[in-house]
Each structure stands twice: as C-alpha cells, then as structure tokens.
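Below you'll find the structure, written out as structure tokens, and then a few comments.
The values are calculated or read from the model by the stated rules, or taken from the named source; none is laboratory data. Given the structure is predicted, the values throughout are model-derived calculations rather than measurements. In this analysis, Cβ positions are derived from the backbone assuming ideal geometry, glycine residues included, and neighbour counts consider all displayed protein chains.
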Amino acid sequence: MNGNLAPSFSSADLQRLRTETFIQHLDYHPQLGSTNDRAMQLAGQSDESFPLLVLAESQTAGRGRGSNLWWSSGGALTFSVVLATEAAQLPPQRWPQVSLIVGLAVCEALEELLSRGVPTTSLDALPAAQVKWPNDVYLEGRKICGILVEVPPSLPGKLVLGIGINVNNSVDDAPEEIQQRATSLSDLTGHHYSLTDVLVKALQQLGERLETRRLWTDEVVTGWRDRCFLTGKSIQIDNGTRQSTGKCRGIDETGALLVENAGQVEKHLAGVIAVL
Ligand code: BTN
C-alpha cells in the first residue's frame, strides 16, 4: 500500500497493464513477501500464461542479489516478469545477458518519462540513465533500479525478471547506507508520478527489447556499452573466489565486464563491484 493506504492500482490501471503491454497474465497483490518468490511458485503454470506479471504494492521481504535485502517503501514499483524462455527465444547461453537487456529497457523508459513535458530545446540537459553492470540502473550517479534475474530451480525453461524501481518513495526514509547511494524519480525531479504510467512504460520498453528481431543485435551491444556506468572507473570485482582491481573498460558483446590491470584485460561474467 502507499502512504495513504489507498490502493495505487485501480482496476482500470490493472486493465491498462493487460492491454498496453506484452503481459499475458497478471497476478496482483496489495502486499507480498517477494514478487520473485511468488513468480517462482507460478512459473510452473501452463505456457499460455506467459509473459506473466507479478505485481505487489509493497513487499515485506524483497530480495536483492546474494543475501541482500531490497529496501522499498510505499510509492516504489516492485514487480517480476516470468518468461517462457523457449517461446521468448532466450537460450540458456544468453541468460547472463538478460539483466543487461532489462537494464537497457529500464534506462529507456526512465529517460522517456523524464522527457515528458520538457521542451525539445532542454532535452539535452536531462540526465542520461546508465546500466551499472550487471544488474542496476543509475541516474545522476545513484541507484534508482535493481534487477534480480533468477531461474526457478525445478523449471529451467522459465526466467524470472525481478525489478524494483524507486518512483515516488524518497530515499530520505531509507537506512543511512542506502540514502548515500540511491535515488528515486521524485527525489530527482520533485514531481509525483503515476505508478501505472511508469510501469506501463517500463513493460513496453521491455517488450520491445525482448522482440526476437531486436535481441542480440549490434544495437543492443552498443546500448549497454554507451550506457555503462563503470567505464573508465577504478573498480574492485569480487567473483566469489577472487577479488581483482583495475580500470573498467566497458562491457563486451557477450555482456562480460572488461577490467584492465597492468595492461591485461580480464573478462568477468559475474561478480560484485565496488567503485574505488
Ligand atoms: C539488487 O539490487 O540486488 C536487485 C534488487 C531486485 C529487487 C526486486 S523488487 C521486485 C523483485 N522481488 C524481489 O524480491 N526482488 C526483486
């Protein structure tokens, strides 16, 4: 629920999600533990139900990567999309790149939302949304969206795309460590947004990015390269067994992060990043 305890999504809003986006089936809850957990349960349904959207107005146990929790308060968007990977033409070797594709779609949606009502002459002054490899979206140097892509353990033909976007919530209400590195749309602009408009736009961009003819094209690689938040920064990457430091040289065509140290460029397919 939002701060006023009135539902954020009316039945007309839910209908828009069904008619204006690529979603085939909607599972809506005022409150859930985690939309990803619910999506994992529903992933065993008949293939006709996909893409399936699990939407919660609030989560009591939102999950981030690893053992992290996902903080969000009323006014944020928390949702998960379940894809049937064969129908979506997403072969397993491409799954590591899916969070970057989701990140690109969210960047495009946020930029379009920020540009609404702005005169053409001022569009250049708007902040560019960036992908922080492998699964975050940043605006003005702060995290605005987290993405958690999971494969349901007993259903390898499904992918769960968990997405949290800070919209009308203020990071002033967040724990101290989050306040310093996060932001929300309303913190950035001072405006209030229709959660339905933001969600419809994010799903439309995601639907477009997942169109078979657009998947795995050079334009996608250019998109995540141009939007790479880490390029040129000194970073440390921890892949679970080893830590290495170096300068980020961008993201390659396979979605790997390139890190240069002493003239050698290492490719990383997974890891936790600290900007030094
Ligand atoms: C991260 O930044 O580590 C990823 C955060 C992902 C959060 C979203 S909110 C909707 C979905 N449900 C969850 O429990 N997590 C994801």
Point to revise | All positions within region 240-257 that are outside any strand (DSSP E or B) and closer than 17 Å to Q97 by Cβ | key: D252, E253, T254, G255, A256
Check your understanding: Hey, T85 hits all of (1) touching a Leu at 6+ places or on another chain (Cβ under 6 Å); (2) under 25 Å from T196 (Cβ atoms) but one; which does it fall short on?
Key -> (2)
Study note, to complete from the structure: Flagged in region 60-84 as near the ligand (Cβ under 6 Å from one of its atoms), buried (at least 21 other Cβ atoms within 10 Å of the Cβ) and assigned to a loop (DSSP other than H, G, I, E, B), in numbering order, are G62
Review point. Which of the following residues is in the same structural domain as W71 (by TED's automatic domain parsing) and over 18 Å from the mean Cα position of the chain (by Cα): D218, D252, D238?
Key: D218
Point to revise | Hits in region 129-170 (condition: closer than 26 Å to G75 by Cβ and away from the ligand (no atom under 14 Å from the Cβ)) | key: A129, Q130, L139, E140, G141, N168, S170
Practice item. Would you list the strands (runs of 3 or more DSSP E) that sit entirely within region 97-213 and hold 3 or more residues that are in contact with a helix residue (DSSP H, G or I) (Cβ under 6 Å, 6 or more places away or on another chain) and outside the structural domain of D238 (by TED's automatic domain parsing)? Key: 142-150, 158-165
